[in-house]
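Structure record follows, encoded as structure tokens.
The values are calculated or read from the model by the stated rules, or taken from the named source; none is laboratory data. Everything numeric here is computed off the predicted structure, so don't read it as measured data. Quick reminder, even Gly has a Cβ in these numbers, built from the backbone with ideal geometry, and neighbours come from all protein chains shown.
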Amino acid sequence: MRFFRWSGVVVSLSLLLAASMSSFAQSKPRIKNIVLVHGAFADGSSWAKVIPILESKGYHVTVVQNPLTSLTDDVNAALRIIALQDGPTILVGHSWGGVVITQAGNDPKVKGLVYVAAYMPDQGKSANDTSGPYGPTPGQKSIQLDDKHYARVSSEGAIKYFAQGLPMTERRTVLAVQGQTYGPMFDEKITRAAWKSKPSWHVIATEDLMLFPTMEETQAIKAGGKAFKIPACHVAMLQQPQKVAEVIMAAANGAKP
């Protein structure tokens with residue numbers, strides 16, 4: 001059974017989400033706008049399984065297509081999408097997308113943050129600063145840089161460490177669509193961390209081989225957020241889309257508009 005940790009309290013994930021989903025069925029979402037931000041070595045298709053689940057429940061969903069050329073470029077891409085929303089918004093980030101939402105989440109329309117197997121840097125810290133104390137994961141060791149400092153996960157890395165929980169055909173799709181990622185952006189630092197002033201929800205992917213699950217859980221505790229452990233690889237939203245969608249819906253109904 002999966003468990004939820006919040007301010008020192010551990011609660012059954014299945015019971016908590018069952019209760020939450022019961023309340024969703026009885027009322028409209030408190031916040032209907034959901035903006036999804038993908039990670040490095042990926043594109044917006046990484047949310048393809050979550051989008052229809054959310055839309056079927058009445059949410060308005062938009063995906064940011066990150067340039068993956070710098071933190072500034074990715075944050076600006078997210079801010080442009082947030083500007084198009086017609087009211088309060090929940091901002092969701094996977095992996096590197098967690099860095100993006102930590103900065104972009106300071107926008108006043110954003111009322112809650114959801115981190116899905118993601119980095120959550122502190123103020124003045126970068127993605128590399130955040131993961132550095134934990135050492136490199138098997139997946140991080142599979143990242144390759146070209147002579148222009150653009151990075152890709154190797155074919156073996158994508159299949160064995162990035163998306164190992166998916167059927168082989170889906171793993172190969174993840175490999176095929178991965179975006180070129182500018183390596184130095186992992187050293188770019190956050191200037192203002194939105195999680196310090198806004199509520200957060202965290203998906204801890206317990207089988208993650210790209211980021212350490214211990215790091216993901218420690219971040220959630222640091223933010224005072226609601227943490228949900230889900231048995232999934234790094235791309236939890238592709239392996240467990242229903243459970244990830246339920247956490248996003250919990251945020252939309254738990255944050256104050």
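Checking each residue of the stretch 142-156 against the condition of being closer than 21 Å to CYS233 by Cα and buried (at least 24 other Cβ atoms within 10 Å of the Cβ) gives at least one match. Of all residues in the stretch 106-120, those satisfying the criterion of being assigned to a loop (DSSP other than H, G, I, E, B) and either under 14 Å from the mean Cα position of the chain (by Cα) or touching a residue at least 12 places away in the same chain (Cβ under 8 Å) (or both) are ASN106, ASP107, LYS109, ALA117, ALA118, TYR119, MET120. If you check ALA193, ALA252, ALA223, ALA227 for being surrounded by fewer than 24 Cβ atoms within 10 Å (Cβ to Cβ) and closer than 12 Å to VAL114 by Cα, only one passes: ALA223. With respect to the conditions (1) closer than 19 Å to PRO184 by Cβ; (2) more than 17 Å from the chain's Cα centre (by Cα); (3) part of a helix (DSSP H, G or I), THR69 lacks only one, and its number is (3).
Considering the stretch 230-239, the residues that are crowded, with 22+ Cβ neighbours inside 10 Å and of a type outside the set (A, V, I, L, M) include one that is nearest to VAL114 (Cα to Cα), namely HIS234. Residues considered: GLY44, GLY98. Of these, the only one that is under 18 Å from the mean Cα position of the chain (by Cα), at pLDDT 95 or above and surrounded by 20 or more Cβ atoms within 10 Å (Cβ to Cβ) is GLY98.
The numbered conditions (1) in contact with a Pro (Cβ under 7 Å, 6 or more places away or on another chain); (2) modelled with pLDDT of 95 or more are all true for ILE230 except (1).
Checking the stretch 80-95 against the condition returns a match, with at least one residue being in contact with a Pro (Cβ under 8 Å, 6 or more places away or on another chain) and touching a residue at least 60 places away in the same chain (Cβ under 8 Å). If the condition is being of a type in the set (D, E, K, R), touching a residue at least 24 places away in the same chain (Cβ under 8 Å) and assigned to a loop (DSSP other than H, G, I, E, B), then the stretch 137-196 contributes GLU188, LYS189, ARG192.
Just to be sure, is THR137 more than 19 Å from VAL203 (Cβ to Cβ) and of a type outside the set (D, E, K, R)? No. Among the residues of the stretch 80-105, those that are in contact with a Ser or Thr (Cβ under 8 Å, 6 or more places away or on another chain) and part of a loop (DSSP other than H, G, I, E, B) comprise LEU84, GLN85, TRP96. In the stretch 197-214 there is no residue that is assigned to a helix (DSSP H, G or I), within 15 Å of the chain's Cα centre (by Cα) and among the hydrophobic types (A, V, I, L, M, F, W, C).
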